[in-house]
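Taking it in order: structure first as structure tokens, then the write-up.
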Amino acid sequence: MSPVIRILARRFGISLIVLVGVSMLIFAIARIIPGDPARIALGPNATAEQVAAIRAEMHLDEGILAQYGYFVRDVLRGDLGTSLYTNRPVTFDIRQFLPATLELVILAGILMVGIGLPLGILAARYRGRWPDHLIRVLTLLTVSAPSFVWAVILMLIFAFYLPLFPVAGRLSDSYDITRVTGFLTVDTILAGNWGAFVDALHHLILPSVALALSGIGQAARLTRANMVETYDKPYIEMAQAYGFFPSRIARSYAFKPSLIPSLTIIGLDFAAMLGNAFLVEAVFAWPGLSRYGVAVILRKDLNAIMGTVLVIALTFIVVNIVVDLLIAFLNPRIRHSTRGAAS
Amino acid sequence: MTALLDIRDLRLGFRTLAGQIDVLHGIDLAIRAGEQVALVGESGSGKSVTARIILGLLQETRSARVSGRVGFDGRDVMMMSPKERAALRGIEMSMIFQDPTSSLNPTFTIERQFAEVMRRPDRKLTRAACRERAARMLDEVSIPDTGRVLDAYPFQLSGGMNQRVMIAMALANNPKLLLADEPGTALDVSVQAQTLDLMRDLVTRHGTSVLFISHNMGVVREFADRIYVIYRGRIVEEGPTPAVFADPGHAYTRALLKAVPRITGRGLPDVPEVSDDFFDPMVRHGGTS
Ligand SMILES: Nc1ncnc2c1ncn2[C@@H]1O[C@H](COP(=O)(O)OP(=O)(O)OP(=O)(O)O)[C@@H](O)[C@H]1O
Ligand SMILES: [Mg+2]
């Protein structure tokens, strides 16, 4: 198993560099945008002394390197500072808003893989015939509009004209659920409140479908393309010559080897949903981290900006590591990257 | 004496946008039980498509039009349903390919690939039984460290090793007919010769009939009891190997034979593209079929 550990170690090293780089970049950019954060936070009526006090507390009058030093020291202590927008610790805000976003993104990811891959397999297996044509047209449609456009379209059709789904929010007001994980679908089950669980899921469907649609299309098209290429490989002909069932050939001989090149891109698509969630959350009034992120950027809330960016960067990194592990699991060439002695 | 494989007037055309392209123009070919027969011809002459028709694969390709009779073990493959044809493949007949390494599934261990093949006739075969039988088959193709090979992936083995694995796999279910489409042409000449010897021994021992496809008269001489020479979708000469070599009756066969010294196992024989006498009527060396 040592090649896998080597890959992980390298990935962790690179991730650390990326994380430090991103934090420096955003730290600098956030401070370059014009506007005094203390003044924006306190409003036009605050006195000069009040503004000066905040500036001193946030070390805003010192050099940028010194400021970064304070930031790193605090981060290592698990302290991201206080948000000037909510007046609460940034870590508290993140704990508050991140689960809503993750819930959305994770369900969208499940839809992307759970629907996109089977569609791609189906299209490749019936390549050149009607199921293939149908799937290609449908997926072209889904990838041709960004997720916030789908959010608006789905909302208009399925929440407005046909009021099948709620228009906004995560849960109906009639339910009061104690917060444990922040994931409402989990918390409602923990509370044993079946009605609230169904309600939470009901709220979750439209935004996550909107978020997932282009990913589903992308995953399906990518899977189809890689599989069609694999269908020309000699081991497919060999499998046919041995009389294996076409469905078995599709799964074990065409899909599995072609998933390896697809997986990296599907992982990136999944991580990119975190960014797309910004606009979908805006459309559905979803109280998630993305909405929080937009609000704090507009207010130049330095600590909150840094906190949000770090969390998103960390999520990207975790997704990448998971994808690497999956690839290592699927691809024996990586798992056994030393040539066997049996050769 | 009835033949195991009895092909009569086999014709094949492909429908393309530019109209129909005829590839086989009425082929007759027979293989008796336990007989090793070679089909020799240059690239594009229709050797691989013949094998694909015997396996019943081309009949399911929509652009292909196949007609004629493909008698196998007393039944006509052409008259079978796709299901019946699939039931023959991997059980009654099997095939080995030109490039062993790329013909094995890169994501399965050798053990798993054997299991897939051996579960064709018997789906309930246990893992332990599969492994034991696979090890015995590998033993038969003189692979020393069977345990390690079974646990390996194709990319961890050499081409020659994969070739032996493929031969062992093809014979694992004791098929009546083995189709070998230019086996090992992608390998080293010496490795190729070695594995062909091995294959020859094995099929003789198992009594397996073989259709050995090649463009190399030199390789065929070692291997086959009888030879069919194919030129542009027509059989131009047929006879026992010694007779064909001693007295090649057809101009095309003579051209192929003249090219032999120049082939080193790899590459294609240096035969003139077309010559009028290549279209002369077929030559049969009597007494055999
Ligand atoms: N699916 C197909 N569609 C159209 N034409 C085809 C198809 N498959 C084979 N052919 C044509 O049929 C002819 C015979 O092909 P085949 O593969 O049997 O040649 P071969 O004798 O095996 O040659 P080689 O030594 O190169 O393998 C070729 O001209 C080829 O172009
Ligand atoms: Mg061929």
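The values are calculated or read from the model by the stated rules, or taken from the named source; none is laboratory data. This is a predicted model, so every value here is computed, not measured. Quick reminder, even Gly has a Cβ in these numbers, built from the backbone with ideal geometry, and neighbours come from all protein chains shown. SASA here: full protein model, heavy atoms, side chains in, ligands and nucleic acids out. Shrake-Rupley method; radii C 1.70, N 1.55, O 1.52, S 1.80 Å.
Does the stretch B:205-215 contain at least one residue that is on the phi < 0 side of the Ramachandran plot and surrounded by fewer than 18 Cβ atoms within 10 Å (Cβ to Cβ)?
Applying the first criterion (on the phi < 0 side of the Ramachandran plot) to the stretch B:205-215 yields B:205-206, B:208-215.
Checking the rest, the ones that are also surrounded by fewer than 18 Cβ atoms within 10 Å (Cβ to Cβ) come to B:205-206.
Yes, the stretch B:205-215 contains at least one residue that is on the phi < 0 side of the Ramachandran plot and surrounded by fewer than 18 Cβ atoms within 10 Å (Cβ to Cβ).
For the stretch B:194-212, the criterion of a residue being within 15 Å of ligand 2 (Cβ to nearest atom), assigned by TED's automatic domain parsing to the domain that holds residue B:274 and of a type outside the set (Asp, Glu) is satisfied by at least one position.
Residue by residue, here is whether (1) farther than 18 Å from residue B:184 by Cα; (2) facing chain A (nearest Cβ under 10 Å); (3) within 14 Å of ligand 1 (Cβ to nearest atom); (4) open to solvent by less than 40 Å² (accessible area, probe 1.4 Å) holds:
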position: B:58; (1), (2), (3), (4): yes, no, yes, yes
position: B:62; (1), (2), (3), (4): yes, yes, yes, no
position: B:65; (1), (2), (3), (4): yes, no, yes, no
position: B:69; (1), (2), (3), (4): yes, no, no, no
position: B:74; (1), (2), (3), (4): yes, no, no, no
position: B:81; (1), (2), (3), (4): yes, no, no, no
position: B:90; (1), (2), (3), (4): yes, yes, no, yes
position: B:109; (1), (2), (3), (4): yes, yes, no, yes
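Regarding residue A:19, is this residue over 22 Å from residue A:282 (Cβ atoms) and either touching a residue at least 60 places away in the same chain (Cβ under 8 Å) or assigned by TED's automatic domain parsing to the domain that holds residue A:139 (or both)? So residue A:19 fits the description; yes. Scanning the stretch A:189-217 for residues that are among the polar types (S, T, N, Q), farther than 11 Å from residue A:107 by Cβ and either surrounded by 22 or more Cβ atoms within 10 Å (Cβ to Cβ) or not assigned by TED's automatic domain parsing to the domain that holds residue A:264 (or both) turns up just one, A:214.
Among the residues of the stretch B:134-145, is there at least one that is within 13 Å of another protein chain (Cβ to nearest Cβ), free of Cβ contacts under 8 Å to residues at least 60 places away in the same chain and surrounded by fewer than 20 Cβ atoms within 10 Å (Cβ to Cβ)? Yes, the stretch B:134-145 has at least one match. For the stretch A:237-244, the count of residues that are away from chain B (no Cβ under 14 Å) and either crowded, with 21+ Cβ neighbours inside 10 Å or in contact with a strand residue (DSSP E or B) (Cβ under 7 Å, 6 or more places away or on another chain) (or both) is zero. Considering the stretch B:173-184, the residues that are open to solvent by 20 Å² or more (accessible area, probe 1.4 Å) and either closer than 8 Å to residue B:208 by Cβ or β-branched (Val, Ile, Thr) (or both) include one that is nearest to ligand 1 (Cβ to nearest atom), namely B:176.
Go through the stretch A:169-187 and give me each residue that's over 23 Å from the mean Cα position of the chain (by Cα) and either of a type in the set (S, T, N, Q) or open to solvent by 60 Å² or more (accessible area, probe 1.4 Å) (or both). Passing the criteria: A:172, A:173, A:174, A:175, A:176, A:178.
None of B:26, B:13 is farther than 25 Å from residue B:208 by Cα, open to solvent by less than 10 Å² (accessible area, probe 1.4 Å) and more than 16 Å from ligand 2 (Cβ to nearest atom) except B:13. Determine, yes or no, whether residue B:51 is within 16 Å of ligand 2 (Cβ to nearest atom) and in contact (Cβ under 8 Å) with a residue 24 or more places away in the chain. Yes, satisfied. In this entry, residue A:189 is excluded by the filter for residues that are free of Cβ contacts under 8 Å to residues at least 12 places away in the same chain and under 21 Å from residue A:316 (Cα atoms).
Would you call residue B:233 within 16 Å of ligand 1 (Cβ to nearest atom) and open to solvent by less than 10 Å² (accessible area, probe 1.4 Å)? Spelling it out, residue B:233 is indeed within 16 Å of ligand 1 (Cβ to nearest atom) and open to solvent by less than 10 Å² (accessible area, probe 1.4 Å).
Identify, please: which residue in the stretch B:13-41 is under 22 Å from residue B:256 (Cβ atoms) and more than 15 Å from the chain's Cα centre (by Cα) and is, among those, farthest from ligand 1 (Cβ to nearest atom)? Checking each candidate, the answer is B:28. Set side by side, the residues A:264, A:223 differ, and just one is in a helix (DSSP H, G or I) and surrounded by 17 or more Cβ atoms within 10 Å (Cβ to Cβ), which is A:223. Among residues of the stretch A:56-84 that are assigned by TED's automatic domain parsing to the domain that holds residue A:40, those with a Cβ under 7 angstrom from a residue that is surrounded by fewer than 14 Cβ atoms within 10 Å (Cβ to Cβ) and small (Gly, Ala, Ser), sequence gap 6+ or separate chain, pair up as A:59/A:66; A:64/A:28.
Can you tell me which residue in the stretch B:97-106 is farthest from the other protein chains (Cβ to nearest Cβ), limited to those that are surrounded by fewer than 23 Cβ atoms within 10 Å (Cβ to Cβ) and within 16 Å of ligand 1 (Cβ to nearest atom)? Taking the candidates together, the pick is B:98. Among the residues of the stretch B:168-204, those that are among the small types (Gly, Ala, Ser) and at negative phi comprise B:168, B:170, B:172, B:180, B:186, B:190, B:193. Residues that are within 14 Å of chain A (Cβ to nearest Cβ) and within 14 Å of ligand 2 (Cβ to nearest atom) occur in the stretch B:31-48; there is at least one. Taken across the stretch A:246-256, residues that are part of a helix (DSSP H, G or I), surrounded by fewer than 21 Cβ atoms within 10 Å (Cβ to Cβ) and away from chain B (no Cβ under 14 Å) do not occur at all. Give the stretch A:286-309 a look and list any residue that's open to solvent by 20 Å² or more (accessible area, probe 1.4 Å), under 23 Å from residue A:55 (Cβ atoms) and under 16 Å from the mean Cα position of the chain (by Cα), or say none. Scanning the stretch A:286-309 gives a single hit, A:309.
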